[in-house]
C-alpha cells in the first residue's frame, strides 16, 4: 500500500515538474509568434533553442525519476497531492539562500551512512535568489497547521548490493519528527541548483568561499584529533551533505541534520547510488532566460559528483527531521564538541530558540562556528496562521548568543553567493557573518 502510494506520488511529482517546464517553453513560443515577421527572421534560431530546452527538460526528468526510484519512501507522498494534481497543501513561501537547503547514541533518528572505499575524498545547502526573496527556494517550507502530519520512525542503514547503505525505515506510523514537503516544481529546480553548489566542479568557488574557512577553523580548533575518540560535530541544515561529509573526512564524527524531504532524497541518492565521479548530468540553469550571456551558457550541462562520495569515513551520518524537535531532547544535552551552522540560523521561526538549543547541545568549552546572512525564512510569510518570524539585527543575534554563555573568539565577514549561476550577468552577493564562539557555561545568564 505504501509502495503503491509512493509510486503514484512520485509520478505526479515528476509530471508536475515536466508540465510546468513545458508551459514555460510554450509561453516563450507564444511570445515569439507575436513578433513581426522581420523580427522573427532576426531571431530565427530561437525555434531550435526551444527544442533544445525540451530535450534538457527531459534529461532532468530522467535523472529525477532515477533518483526517486532509488529511494525507499518513509511515507505515502500521494496524500500530499490534491485531486487535480496541482501540488502540496503547504505554505508556498520558500526561503533559502539561492539565486532565483552514526552518532546513533547521540539521537534517535534516521541515518544515511556510506561504507568505506578506496576512493579519494575532496570537497563539499538549499537554493538561490534572483531577487532577494522571490527566487530564493528553501530547504525548509513548513506544512500548514491543521494538515495531517506524516512521521518517520527510527531507521538503520541497510547494506545494498553495492556495499553501500541507504535509508530503510522500520515503520512509518510512530512519530519522531515531521519531514517538510514543499511544492515539487520550485523544490526540484532548487535541488538542481544545490547539486551544483555541493557536488559539481562548477560549485567549487562557492564551496571554497563558505566551506573552506569552516574546515580551516575546525582544523585550528581541534589540532590533535584522536582516531579512537574523534571529536563530534553537528551540522544542522546540512542540505545535500557535502559540508558534513568534508568535516567527517577531517577526522570528526560528523552528523548532518536536514528536514527537507527533497534534500534527503537527493543526498541519499548521491551518497549511496554513485559508482564514479561525474556519473550524472543535469541542466540546472534552463529555467531562467534572464541575464544569460548566451544560449549555450543557459543550456550547458553540469556533471556531478566531482568526487566519489563513498570514500566517506564511518563517522559520517545524516539525521532526518526538524532541528528543534530532535535536538531539544535531553539525550542531546552537552553531547557535541562542535556545531557548524552554515546558512542555517535564519531559517527558523525563532532564531533565539535555535541559539538556545545550540548552547544546550554543546559541551562546556565546545565551539559554535557560524556562517550566515540574516535573510529570515519567514520574513515575507503572510497567511491566515500568521506564522511567527523573529527578525533581529546581527548585533542582537550576538547579544542573544552572549546571554546563552557564548564567548566570541573570532569574527569577520565573508562575501559569497548561494547556488549562483557563475556565468550569469547578475550575481546576488551576501556579506555573511562568520564567527567562532565558545560555550562558557559559567557565563550563561540562562538556565541551560
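The values are calculated or read from the model by the stated rules, or taken from the named source; none is laboratory data. Here the structure is a predicted model, which is why all the values come from computation and not from measurement. Cβ atoms come from the backbone with ideal geometry, glycine included; neighbour counts cover every protein chain shown.
Structure data summary
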quantity	calculated
Members of the stretch 167-202 found to be more than 14 Å from the chain's Cα centre (by Cα) and at pLDDT 50 or above, listed by number	183, 184, 185, 200, 201, 202
Given (1) over 18 Å from the mean Cα position of the chain (by Cα); (2) outside any helix (DSSP H, G or I), number of the condition residue 310 does not satisfy	(2)
Residue that is surrounded by the most Cβ atoms within 10 Å (Cβ to Cβ), among those in the stretch 345-363 that are farther than 19 Å from residue 233 by Cβ and more than 20 Å from the chain's Cα centre (by Cα)	356
Which listed residue is at pLDDT below 95, more than 29 Å from residue 421 (Cα to Cα) and under 17 Å from the mean Cα position of the chain (by Cα), from 316, 323	316
Residue in the stretch 222-239 that is over 21 Å from residue 357 (Cα atoms), under 21 Å from the mean Cα position of the chain (by Cα) and modelled with pLDDT of 95 or more present	no
Residues located in the stretch 282-307, provided they are buried (at least 22 other Cβ atoms within 10 Å of the Cβ) and not in a loop (DSSP other than H, G, I, E, B)	282, 298, 304
Members of the stretch 30-46 that are assigned to a helix (DSSP H, G or I) and exposed (fewer than 12 other Cβ atoms within 10 Å of the Cβ)	30, 31, 33, 37, 38, 39, 41, 42
Matching residues in the stretch 313-325 - criterion: being more than 15 Å from residue 243 (Cα to Cα) and either part of a loop (DSSP other than H, G, I, E, B) or touching a strand residue (DSSP E or B) at 6+ places or on another chain (Cβ under 9 Å) (or both)	314, 320, 321, 322, 323, 325
Meets criteria (within 19 Å of residue 363 (Cα to Cα) and surrounded by 13 or more Cβ atoms within 10 Å (Cβ to Cβ)) for residue 404	yes
Single residue of the stretch 207-223 satisfying the filter (touching a strand residue (DSSP E or B) at 6+ places or on another chain (Cβ under 8 Å) and assigned to a helix (DSSP H, G or I)) that is nearest to residue 241 (Cα to Cα)	211
Index of the failed condition, residue 278 passing every other in (1) under 21 Å from residue 336 (Cα atoms); (2) touching a strand residue (DSSP E or B) at 6+ places or on another chain (Cβ under 9 Å); (3) surrounded by fewer than 23 Cβ atoms within 10 Å (Cβ to Cβ)	(1)
